[in-house]
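Visitor: Sharing a structure, written as structure tokens. Questions coming.
The values are calculated or read from the model by the stated rules, or taken from the named source; none is laboratory data. Please read all numbers here as calculations on a predicted model, not as lab measurements. Reconstructed Cβ throughout: ideal geometry from the backbone, glycine too, with neighbour counts over all protein chains shown.
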Amino acid sequence: MSNIIELKNITYKYSTGTPFESVAVDDVTLEVEKGEFCGIIGHTGSGKSTLIQHINGLVKPTLGEVYVDGENIWSKDTDIRQVRFKAGLVFQYSEYQLFEETVYKDISYGPKNMGLKAEEIDRRVRFAAKSMGIDDSLLERSPFDLSGGQKRRVALAGVIAMEPEILILDEPAAGLDPIGRENVLGLISEYHKQNGTTILLVSHSMEDIVKYAQKVLVMNKGKIFCHAPTDEVFSRQDEIIKIGLDVPQITRVMMRLRAKGIDLGTDIYTVERAKQRILEYKENKNNA
């Protein structure tokens, strides 16, 4: 598979040249394959949000180069506006960006800015609404009359309607109740399966990351700690805890069992896998 994102020795400094200068991203090199669903985790201040803002050109690196689909986004020949259509970024609490009279108008805002014809705009609005579980009956409603979860899904649909090749999500389920959270993330996962869009999901919830991401990028103090398949990352659970991150609750339970002499493996981070290993352990004990 080819790489759709390449960051080459990216460094980003805040307040450069002042006494408050600080390094948010420190000499990061990263490759993300086309179609990858990558979870991004890291403690507060680790640089994960600053890192993702480089991909659609929201911030320009102090040093280094950013390539999207093989194109250096800061070369003089590149139209940064087109890069932002290709790499859609959804901010945390994205519903605060809703402003139109109707749900339809809000979702259509991005495609209109792309200069598309009315028929294509309509197709994209309805496709994006369906992808995010928004019924046609809601399209003429005011977005401000909707529930929190519905507003979040409308905001997501507004970015999906631009049909970006890369969808970057910064805590897309933040603040939602467990049902709303499951709904939003489940729809994003289904959208990925159906369309093969490259997805970068920033989340503080390890449970969300392990449930949906194929690969995980761990940030620590502005640097990449690791970027690898989910199994490989969470097999390093002791190291992850050491850098100040949590692991899924079920992983902690398995670690305690291992400390007591019951070793079911270091790659358990879902309840389903824990159940399977416990049943296997019991069966082996019974057959011993």
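Visitor: Can you tell me which residue in segment 122-153 is surrounded by the fewest Cβ atoms within 10 Å (Cβ to Cβ), limited to those that are in a helix (DSSP H, G or I) and of a type in the set (S, T, N, Q)?
Guide: 137
Visitor: How do the strands (runs of 3 or more DSSP E) wholly within segment 1-86 filter down when requiring 3 or more residues that are in contact (Cβ under 8 Å) with a residue 12 or more places away in the chain and not hydrophobic (A, V, I, L, M, F, W, C): which remain?
Guide: 3-14, 22-33, 63-68
Visitor: Kindly check whether there is at least one residue in segment 114-121 that is buried (at least 19 other Cβ atoms within 10 Å of the Cβ), on the phi < 0 side of the Ramachandran plot, outside any loop (DSSP other than H, G, I, E, B) and modelled with pLDDT of 95 or more.
Guide: Yes; the residues of segment 114-121 include at least one that is buried (at least 19 other Cβ atoms within 10 Å of the Cβ), on the phi < 0 side of the Ramachandran plot, outside any loop (DSSP other than H, G, I, E, B) and modelled with pLDDT of 95 or more.
Visitor: Within segment 273-286, can you find the residues that are surrounded by 10 or more Cβ atoms within 10 Å (Cβ to Cβ) and among the charged types (D, E, K, R)?
Guide: 273, 275, 277, 280, 282, 283 - these are the residues of segment 273-286 that are surrounded by 10 or more Cβ atoms within 10 Å (Cβ to Cβ) and among the charged types (D, E, K, R).
Visitor: When the residues of segment 162-195 are filtered to those that are part of a loop (DSSP other than H, G, I, E, B) and in contact with a strand residue (DSSP E or B) (Cβ under 9 Å, 6 or more places away or on another chain), which remaining residue is surrounded by the most Cβ atoms within 10 Å (Cβ to Cβ)?
Guide: My answer is 172.
Visitor: Next question, about the same structure. Going by what's in this entry, would residue 255 be described as surrounded by fewer than 19 Cβ atoms within 10 Å (Cβ to Cβ) and modelled with pLDDT under 90?
Guide: yes
Visitor: List pairs: first residue in segment 125-146 and in the same structural domain as residue 196 (by TED's automatic domain parsing), second residue outside any helix (DSSP H, G or I) and buried (at least 18 other Cβ atoms within 10 Å of the Cβ) anywhere in the structure, Cβ distance under 6 angstrom, at least six positions apart or on different chains.
Guide: From residues that are in the same structural domain as residue 196 (by TED's automatic domain parsing), the pairs are 125/161; 128/161; 143/98.
Visitor: Which of (1) assigned by TED's automatic domain parsing to the domain that holds residue 41; (2) surrounded by 18 or more Cβ atoms within 10 Å (Cβ to Cβ) is the odd one out, the single condition residue 214 does not satisfy?
Guide: The failed condition is (2).
Visitor: Pairs under 8 Å by beta carbon, first residue within 17 Å of residue 163 (Cβ to Cβ) in segment 90-108, partner part of a strand (DSSP E or B), six or more apart or different chains?
Guide: 90/167; 90/168; 90/169; 90/170
Residue by residue, here is whether (1) modelled with pLDDT under 95; (2) buried (at least 16 other Cβ atoms within 10 Å of the Cβ); (3) among the hydrophobic types (A, V, I, L, M, F, W, C); (4) farther than 24 Å from residue 214 by Cα holds:
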{"residue": "12", "(1), (2), (3), (4)": "no, yes, no, yes"}
{"residue": "29", "(1), (2), (3), (4)": "no, no, no, no"}
{"residue": "36", "(1), (2), (3), (4)": "no, yes, no, no"}
{"residue": "40", "(1), (2), (3), (4)": "no, yes, yes, no"}
{"residue": "46", "(1), (2), (3), (4)": "yes, yes, no, no"}
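Visitor: Given the residues 98, 89, which is the only one that is under 25 Å from residue 208 (Cα atoms) and either surrounded by 15 or more Cβ atoms within 10 Å (Cβ to Cβ) or of a type in the set (A, V, I, L, M) (or both)?
Guide: 89
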